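Here's the structure we're looking at; comments come further down.
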Amino acid sequence: MLRITGGQVYDPANNVHGVVRDLCIENGRVVADVSGGRTIDASGMIVFPGGVDVHTHVAGAALNFARGMIPEQQRMARAITRSKVQRAGIGGSTPTTFATGYLYAGLGYTTVNEAAVPILSARHTHEELHDTPILDKSCCALMANNELLLDLFEAGEFEKAREVTAWLIYAAKAYGVKAVNPGGVTGWKWGKDCKGLHDVVPGYNKVTPGKIISALAKIVDDLGLPHPLHLHCNNLGAPGNFTTTLETMKLLEGNRAHMAHLQYHSYGGDDWYTMKSESATIAEYFNAHPNLTTDAGAVLFGDTVTITADGPWQHLLYKLTGKKWGNIDVENETGCGVVPYVYKEKNLVNAVQWAVGLELLLLINDPWRVFLTTDHPNGAAFWRYPEIIQLLMSSEFRKEELKKLAPKAMKRIILPELTREYTLSEIAIITSAGPARALGLKQKGHLGIGADADVAIFNAGKDVARMFSYPRYVIKSGEVVIEEGEIRKTVDGKGFLVKPHYDPKIEDYIRPLFQQVYTMSFDNYPVEMSRIMHPDIQPCMPHNL
Amino acid sequence: MGGKVSCTLGEVKNRADLIIYWGGNPAECHPRHFTKYTIMQKGKYVPNGRKDRTMVLVDIRETPSAKAADIFLQVRPTKDFEVITLLRAMIKDQPVDEAAVAETGLSLEQLRDLVARMKACKFGVFFFGMGLSMTRGKHMNSAALLTLAAEMNAFTKFVAMPMRGHGNVTGGDVILRYTTGYPFGISLSRGYPRFNPGEFSTIDLLIRGDCDAALILGADPGATMPQPAIEHLKRIPTIVLDPKVTHTSRLARVHITTAATGISAGGTVYRMDEIPLPLRPPLKGPYPTDEEVIRRIREAVAKKADWMPGMNGVVAAA
């Protein structure tokens, strides 16, 4: 039992905006009242629902590949020293699993969605998530380059594709469906790509990225997954790609979709020398279409490592940077590329990227549809979120930061014209209430009666970055895990997944095909439920827009 | 430069039309490699199997694997790095010195033929073994070959993969990476992981005599390590967990017989392409699993006085 008293509560999902009131917790849930137990005096503090990250890369073969590739960055990373309550590890761009739990909790975050899981190595992703303490976790399985599905789209067998998708989701013990550069990653298996929505996927005669996107968005809605299709568009990172993004969003009318890391998809210009922001065009379309949600995928200057299933883009980035390049193509399903990267203020392209992430957050007027992410670790490590919050809450601070850019950059961005400043309520929405709603997790992102007792308590103060970097208390499932900036206790997290409906006979169709093209036995492919720590199966309900 | 351009084994099965083994002898060391993943398999885009694929073997001697190869290139010992460097120049049409070529034991004609095949293939792969990675030049050789594979992507699809062996060594590497950030050569003596191969790798620690106890799991260093390292293992309390009595067991203070993984113990094993496979033990055995023994040791240690950073060294030998 726990009572938090005297704090200013921000619970935008329940229309509570900075009201001083008590919050009571019992058995891991928010309750109306408690008698006895501990009381936390939160006078002078603000109380938020625990943070929810809709798009991050915290576990899996690709991230683990990156960890091994950047010892020079790891050496400089924050050391997490073993103590009675915490295990040793390191922070940095690709924190170790235990450190990931401590560092996220250290920001007041309690739920994360791992956004890219190859089904073939999903067993490994779940091993890592198992070893990521405190946080509740969900994950999205990569589907848009799955050749079992692409073959069915080629044959026009939509119904069967839906059954196969449902089977694959449960095989991966996933929560949602991720699409990365639909068709392009399949093309990359031959060293090619799919830039436009109407390019025919290499190796196929009829399938195009556009057809894959439409089909998957419809399948996800038909199956009634709580989270819509989680889409990384074609043509990521390229100057002039905003037209592809607009076209993609038009294609999605009539279905729900989550547009991942929109920053990387909102560029104008013809080449690297003329690249500019098109965030205004993208935001205008986005504002008018409530079927869509997005996350910023904001960039901060500094060292990081880029990790994506988008293999062809990573080959281009390797050629541009001349740095290390890692690549793993995953048989019949997906790919992955890893390239260490430094975002520099004086680099025009990087300056545009930095501005576009913030512009989108400021221009999209409904905070319930745009969420704070850096596409960790691609734009910056997640533990730098407070820096972005500071930029969003203070136009004065943005002005100071803009001075660091090359003067030439000013003509290519619109950030200097934007005066909007986020309120604390809006920050609570983009870091918690909004992403929880987009993920369809009804017990997350709010502090109403019955909600999971995940709470972050910050010292109210003017230094926003500092305030959000060091919560005074973090409560996960009713347990005080962080107190006075220290980990005091670690708890296990839940694993959210779905079991969409499918006819078990679909296995008779998949099995022989699988045995032909895979190198693993069919029976070894699905992840066993026993590997998921505290599994929590969320219901599926058909969505009709 | 650096990194690794690779894929899972199914990509090789379905697509590879040029398969180059370098410094390895799969016929004897990975006997299922040819039949399950590479030359003998019929794949989605290589429907005629062996007929659709070309196999090249590069090695310093004619091993039994040479019989399976279409082309055998016998490199003079210690000249692998030179051959790879020449290939890196030749794919970019840079001139090479004929005397430098002659030193490698190969002819310019052979190298030109190989370059032509590498550029003409649709999907090429290098599998490299310890004959490359553990001979003179060591990691420099591996880095050179990985770079050659990366650079080949300017012309066609090309990947590289080490031929890892010794049971679940890849699994050990994978788990150390996500728990500590590094694959091997890690010290936890300051309470957080530090990485420095040559300083913290097992052989170096043992030869310097830095560690005062050793726990050996799934390895037999008594049979493979240099003599000074073995001598130190004899001096200190060495504990071996193994299903059978090994060379290391004979010099250890304690040997604990454990269940054989995959036979009477379950778990997960990682393939050389880092794909995890579940193990379902068909038999029940009388011995505890490695995991159970380690758990019990850990529980006993946890009952001792508090651990403080810097007070004692913790060394893991894999």
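The values are calculated or read from the model by the stated rules, or taken from the named source; none is laboratory data. Keep in mind that what you see is a predicted model, and the values were worked out from it rather than measured. Methodologically, a virtual Cβ is constructed for each residue, glycine included, from the backbone with ideal geometry; neighbour enumeration extends over all protein chains shown. Please note that ligands, DNA and RNA were not included when accessible areas were found on the heavy atoms of the full protein model with its side chains. Shrake-Rupley method; radii C 1.70, N 1.55, O 1.52, S 1.80 Å.
Below is a table of values for the structure above.
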| item | result |
| --- | --- |
| D_trans [Stokes-Einstein, Kirkwood Rh over alpha-carbon pairs] for the protein assembly as shown, 20 °C, 1.002 mPa s, µm² s⁻¹ | 75 |
| Prolate/oblate/rounded label for the range A:203-317 (Cα gyration tensor, a/c 1.5) | prolate |
| Mean Cα-pair separation over length for the range A:1-131, i.e. relative contact order, pairs under 8 Å, 6 or more apart, % | 23 |
| Computed accessible area, B:Tyr192, all protein chains, 1.4 angstrom probe, square angstrom | 50 |
| Virtual spin-label span in nm between B:Asp93 and A:Lys84, 7 Å along Cα→Cβ | 7.1 |
| Of A:Lys178/B:Lys13; A:Lys192/A:Lys276; A:Lys189/A:Lys408, those spanning more than 28 Å from alpha-carbon to alpha-carbon | A:Lys189/A:Lys408 |
| Which of B:Arg253, B:Arg208 is most accessible, then next, and so on - probe 1.4 Å | B:Arg253, B:Arg208 |
| Lysines with Cα under 27 Å of B:Lys79, excluding same-chain neighbours fewer than 8 positions away | A:Lys323, A:Lys324, B:Lys4, B:Lys67, B:Lys92, B:Lys119, B:Lys138, B:Lys157 |
| Rounded if a/c under 1.5, otherwise prolate or oblate - the range A:47-495, Cα gyration tensor axes | rounded |
| Prolate/oblate/rounded call for the range B:169-302, Cα gyration tensor, a/c under 1.5 rounded | oblate |
| 0 to 90° range, to nearest 10: angle between helix B:290-302 axis and chain B longest Cα axis | 50 |
| Cβ crowding within 10 Å averaged over residues, with B:213-220, A:140-147, A:7-14 ranked highest first | A:140-147, A:7-14, B:213-220 |
| Gain upon complete extension [B:Asp52, B:Ala154; 0.36 nm per residue less C-alpha separation] | 34.4 nm |
| Carbon plus sulfur fraction of accessible area for the range B:169-302, probe 1.4 Å, in percent | 58 |
| Nearest-ten-degree value, helix B:80-91 long axis tilted from longest Cα axis of chain B | 40 |
| Ranked packing of A:115-128, A:253-266, most packed first, by mean Cβ within 10 Å | A:115-128, A:253-266 |
| Sequence-separation-based contact order of the range B:9-162, relative, with Cα cut under 8 Å and 6+ spacing, percent | 27 |
| The range A:135-203, accessible area per residue, ligands and nucleic acids excluded (1.4 Å, Å²) | 22 |
| Accessible area of A:Val201 in the full protein assembly, 1.4 Å probe (Å², nearest 10) | 0 |
| Spatially proximal lysines relative to A:Lys173 (Cα-Cα < 24 Å; intrachain offsets below 8 disregarded) | A:Lys137, A:Lys160, A:Lys218, A:Lys442, A:Lys444, A:Lys476, A:Lys494, A:Lys499, A:Lys505 |
| Chain B: angle of helix B:169-180 to the longest principal axis, Cα-based, in degrees nearest 10 | 70 |
| At 0.890 mPa s and 25 °C, Stokes diffusion of the range A:225-276 via Kirkwood alpha-carbon radius, µm² per second | 212 |
| Cα centre as origin, Lys/Arg/Asp/Glu Cβ charges: the protein assembly as shown dipole, Debye | 1300 |
| Karplus-derived 3J(HN,Hα), 6.51/-1.76/1.60, for each residue of the range A:80-87, Hz, glycine and proline x | 9, 8, 4, 9, 5, 9, 10, 8 |
| Neighbouring partner chain Cβ atoms per residue of A:189-195, average, 10 Å criterion | 3 |
| Average beta carbon contacts from partner chains per residue of B:272-281, 10 Å cutoff | 6 |
| Normalised contact order of the range B:10-73, rounded percent, pairs of Cα under 8 Å and 6 or more residues apart | 37 |
| Averaged over A:69-78, number of beta-carbon atoms from partner chains that fall within 10 Å | 3 |
| Spacing of the two label points (7 Å from each Cα toward its C-beta) at A:Ala288 and A:Lys250, in nm | 1.1 |
| Which of B:Val174, B:Val245 is most accessible, then next, and so on - probe 1.4 Å | B:Val245, B:Val174 |
| Enclosed volume per residue, in Å³, of the convex hull spanned by Cα atoms of chain B | 156 |
| Amide N of the range A:212-244 lying under 17 Å from the label point, which is placed 7 angstrom from the Cα of A:Tyr273 along Cα→Cβ | A:239-240 |
